[in-house]
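I have placed the structure first, in the form of structure tokens, so that the comments after it can refer back to it.
The values are calculated or read from the model by the stated rules, or taken from the named source; none is laboratory data. Owing to the predicted nature of the structure, the values given are computational and were not obtained by experimental measurement. Don't worry about glycine lacking a Cβ; one is built from the backbone with ideal geometry, like all the others, and counts go over all protein chains shown.
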Amino acid sequence: MTSGPRRLPREFADLEPFAEWALPSERERYAKRLSSTMAEMQSFYEAALPRLEAAASYLEKLPLDALPDDARRLLQLCYSLINVSFPIEAWRQPRVPDSGASTLECVIEPDV
Amino acid sequence: MPLISKPPEGSWTEHYPGLGTDPVSYEDSISPEHYEAERKAIFARSWLCVGRLEQVPRAGSYFTREIHALRTSIVVVRGSDGALRAFHNVCRHRGNKLVWTDRPGDETRGSCRQFVCKYHGWRYQLDGALAFVQQESEFFGLDKSRYGLVPVQVDVWEGFVFVNFDPAETVPLREYLGAFAKGLEGYPFGEMTEVYQYRAEVRSNWKLYIDAFAEFYHAPVLHAKQYTNDEAQKLMGYGFEGLHYAIDGPHGMQSSWGGMAPPKDPSMVKPIERILRSGNFGAWDRPDLPGLDPLPPGINPSRHRAWGLDSYLFFPNFMIVIWAPGWYLTYHYWPTAYDRHVFEGTLYFAPAKTARDRMRHELAAVTFKEFGLQDCNTLEATQSMLESRAVTHFPLNDQEILLRHLHKTAKHYVAAYEQGREAPHAARRHSLAAAG
């Protein structure tokens with residue numbers, strides 16, 4: 001049950017409350033950021049940032065092109081943390097300031 | 001007091017006397033008539049970068065490209081003989097767009113053995129020859145050999161695929177791209193195959209976005225919030241000075257310092273950058289690739305030890321930015337109307353070997369998007385107020401030399417076309433040849 005279909009690796013069970021941030025594409029991660037409150041992102045950031053170095057150390061020991069499902073979700077959660085770092089560390093709001101109606105769509109990104 | 005030494009004339013701009021130093025008219029960015037002239041004078045007569053060889057790895061691999069400025073679409077394909085070809089994406093029977101998926105206006109890519117028109121089933125070989133006509137006997141003396149796909153000139157430089165729509169074009173691609181391209185040859189572009197691409201439909205003239213990326217005078221101001229407060233104050237106090245600027249025919253380049261990879265003082269960057277060792281300038285540690293050390297001779301022309309990036313504008317609408325930490329990106333600006341264009345920013349990294357590498361690339365790519373979004377919206381604000389014509393001429397400073405040159409070059413191409421003369425790059429070739 002520790003590595004069920006929607007789980008993170010057991011070593012990162014403390015991040016399970018934020019597992020919904022494990023999203024496979026930049027488009028989904030960015031959309032979730034825009035639809036989240038600052039308070040929601042703050043609690044995700046505060047829980048996940050101190051675990052980022054441990055996650056990178058855990059994941060870099062595994063083959064990137066053949067990650068187990070739980071590890072891939074952890075990596076995707078880290079990508080979301082990277083995305084959320086901008087509202088939290090720089091902008092103090094979900095959107096890029098003064099970006100109004102502009103969009104910049106990610107149309108190509110790596111498979112993993 | 002300037003920190004960087006400038007040419008003996010006292011400024012980069014005056015080093016190129018043809019540029020002048022007067023305020024510049026931006027009528028060329030708000031006039032529908034001028035844009036109509038640019039389509040024919042510039043986009044129909046210049047080499048245009050449409051992609052990379054990695055997009056067509058095998059016989060039968062193809063991609064399409066919408067060239068709105070020329071109201072056409074092309075298909076670029078690798079043939080059974082391994083040769084690269086480009087064709088107008090139009091069926092010879094009754095003009096249907098030949099290659100498209102789902103929505104005719106969207107670009108597509110894939111692999112096939114023949115192109116088959118969705119409308120009446122005409123089939124074309126990868127070399128463009130018409131291979132099959134449905135109910136051929138119903139036609140009147142149809143000579144299939146005269147109904148192949150219409151070719152477009154195509155050539156490749158360092159893996160970048162260029163096309164040229166001018167049937168009279170006589171300047172070969174390498175010569176067109178000139179000294180800057182020569183100085184980049186040998187850079188391991190082909191090894192950097194981990195790709196992130198961002199695309200935006202921008203409500204501004206195509207040259208305004210080039211302007212935004214052709215000067216870094218704006219960086220300490222527009223992008224200030226991306227730094228810690230102390231750092232933002234400090235950067236604003238310093239302002240920006242490029243290490244080097246150069247112009248070669250219609251093309252331009254600038255070289256810039258880059259203290260952020262890694263930063264001298266880690267407290268000047270965001271916490272996540274410190275943990276991942278990556279940021280706006282890319283991952284702080286260079287990938288181990290031959291071709292990055294030593295770099296090709298054209299890169300970092302001032303040989304400055306604080307060098308951070310070189311940014312090249314290959315006229316008209318293609319930029320390459322080479323970053324010191326060992327990656328590159330390209331910008332394309334595809335006009336769709338006088339006040340609109342499609343922007344594409346594409347980042348290329350050496351493939352991540354580990355998840356940690358990949359996270360570093362993700363941080364660089366996400367940072368690129370955050371910056372790009374700020375730039376996009378500024379452009380719409382600029383376009384709308386330029387169109388008020390309340391102000392018509394604008395003072396460009398020495399750090400904005402490439403903008404002055406771009407607008408001057410674009411106007412020069414239009415003037416040559418309207419006077420019935422050959423394109424300036426062709427004229428330049430002929431005058432160089434005459435000078436012996």
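Output yes when any residue across the range B:85-99 is touching a helix residue (DSSP H, G or I) at 6+ places or on another chain (Cβ under 7 Å), of a type in the set (Phe, Trp, Tyr) and either at pLDDT 95 or above or crowded, with 18+ Cβ neighbours inside 10 Å (or both), and no when none is. Spell out the reasoning first.
Going residue by residue through the range B:85-99, those that are touching a helix residue (DSSP H, G or I) at 6+ places or on another chain (Cβ under 7 Å) are none.
Looking through the range B:85-99, none of the residues is touching a helix residue (DSSP H, G or I) at 6+ places or on another chain (Cβ under 7 Å), of a type in the set (Phe, Trp, Tyr) and either at pLDDT 95 or above or crowded, with 18+ Cβ neighbours inside 10 Å (or both).
Could you give me the residue pairs with C-beta distances under 6 Å whose first residue belongs to the range A:78-97 and is within 9 Å of chain B (Cβ to nearest Cβ), whose second residue is assigned to a loop (DSSP other than H, G, I, E, B) wherever it lies, and which are 6+ apart or on separate chains?
Final answer for the pair search is A:Glu89/B:Lys270; A:Trp91/A:Pro97.
Could you tell me whether B:Met359 is in a helix (DSSP H, G or I) and under 24 Å from B:Gln197 (Cβ atoms)?
So B:Met359 passes the test.
May I ask you to say which residue of B:Val76, B:Val50 is outside any loop (DSSP other than H, G, I, E, B), under 29 Å from B:Arg404 (Cα atoms) and not assigned by TED's automatic domain parsing to the domain that holds B:Gln399? Let's see the steps before the verdict.
On the way: B:Val76 fails: under 29 Å from B:Arg404 (Cα atoms).
Exactly one residue qualifies, and that residue is B:Val50.
Would you say B:Thr354 is within 12 Å of another protein chain (Cβ to nearest Cβ) and either of a type in the set (S, T, N, Q) or within 29 Å of B:Val163 (Cβ to Cβ) (or both)? Give the derivation first.
Values: within 12 Å of another protein chain (Cβ to nearest Cβ): yes; either of a type in the set (S, T, N, Q) or within 29 Å of B:Val163 (Cβ to Cβ) (or both): yes.
Considered against the rule, which asks whether it is within 12 Å of another protein chain (Cβ to nearest Cβ) and either of a type in the set (S, T, N, Q) or within 29 Å of B:Val163 (Cβ to Cβ) (or both), B:Thr354 comes out as yes.
Give the range A:54-71 a look and list any residue that's more than 9 Å from chain B (Cβ to nearest Cβ) and part of a helix (DSSP H, G or I), or say none.
Result: A:Ala54, A:Asp65, A:Ala66, A:Asp69, A:Asp70.
Hey, can you tell me all the residues within the range B:367-418 that are of a type in the set (A, V, I, L, M) and within 30 Å of A:Tyr30 (Cβ to Cβ)? Reasoning before the result, please.
Of all residues in the range B:367-418, those of a type in the set (A, V, I, L, M) come to B:373, B:379, B:381, B:385-386, B:390-391, B:396, B:401-403, B:406, B:410, B:414-416.
Matches in the range B:367-418: B:Leu373, B:Leu379, B:Ala381, B:Met385.
For residues that are of a type in the set (A, V, I, L, M) and out of contact with any Gly (no Cβ under 8 Å at 6 or more places or on another chain), scanning just the range B:346-356, find the one that is surrounded by the fewest Cβ atoms within 10 Å (Cβ to Cβ). Give the derivation first.
First, the residues of the range B:346-356 that are of a type in the set (A, V, I, L, M): B:347, B:350, B:352, B:355.
Checking the rest, the ones that are also out of contact with any Gly (no Cβ under 8 Å at 6 or more places or on another chain) come to B:347, B:352, B:355.
Values: B:Leu347: 24, B:Ala352: 21, B:Ala355: 26.
So, considering only residues that are of a type in the set (A, V, I, L, M) and out of contact with any Gly (no Cβ under 8 Å at 6 or more places or on another chain), the one surrounded by the fewest Cβ atoms within 10 Å (Cβ to Cβ) is B:Ala352.
For the range B:127-228, please list each of the helices (runs of 4 or more DSSP H) lying entirely inside it that holds at least 3 residues being within 14 Å of chain A (Cβ to nearest Cβ), touching a residue at least 60 places away in the same chain (Cβ under 8 Å) and under 30 Å from A:Pro97 (Cβ atoms). So that I can check it myself, show each step before the final result.
Values: elements: B:173-184, B:206-214, B:219-222.
Helices (runs of 4 or more DSSP H) meeting the threshold: B:206-214.
Tell me, please, whether a residue that is free of Cβ contacts under 8 Å to residues at least 40 places away in the same chain and small (Gly, Ala, Ser) can be found in the range B:42-56.
Looking through the range B:42-56, none of the residues is free of Cβ contacts under 8 Å to residues at least 40 places away in the same chain and small (Gly, Ala, Ser).
Residues being buried (at least 20 other Cβ atoms within 10 Å of the Cβ), more than 12 Å from every other protein chain (Cβ to nearest Cβ) and among the aliphatic types (A, V, I, L, M): count how many of those fall in the range B:357-389.
Total satisfying the criteria: 1.
Hey, among the residues in the range B:330-351 that are touching a Ser or Thr at 6+ places or on another chain (Cβ under 9 Å) and within 20 Å of B:Tyr35 (Cβ to Cβ), which one's nearest to the other protein chains (Cβ to nearest Cβ)?
Here is the first cut: in the range B:330-351, the residues touching a Ser or Thr at 6+ places or on another chain (Cβ under 9 Å) are B:330-332, B:338-342, B:344-351.
So of that shortlist, the ones also within 20 Å of B:Tyr35 (Cβ to Cβ) come out as B:331-332, B:338-342, B:344.
Working: B:Tyr331: 12, B:His332: 12, B:Tyr338: 19, B:Asp339: 15, B:Arg340: 13, B:His341: 13, B:Val342: 11, B:Glu344: 8 Å.
Looking at the filtered set, the residue picked out is B:Glu344.
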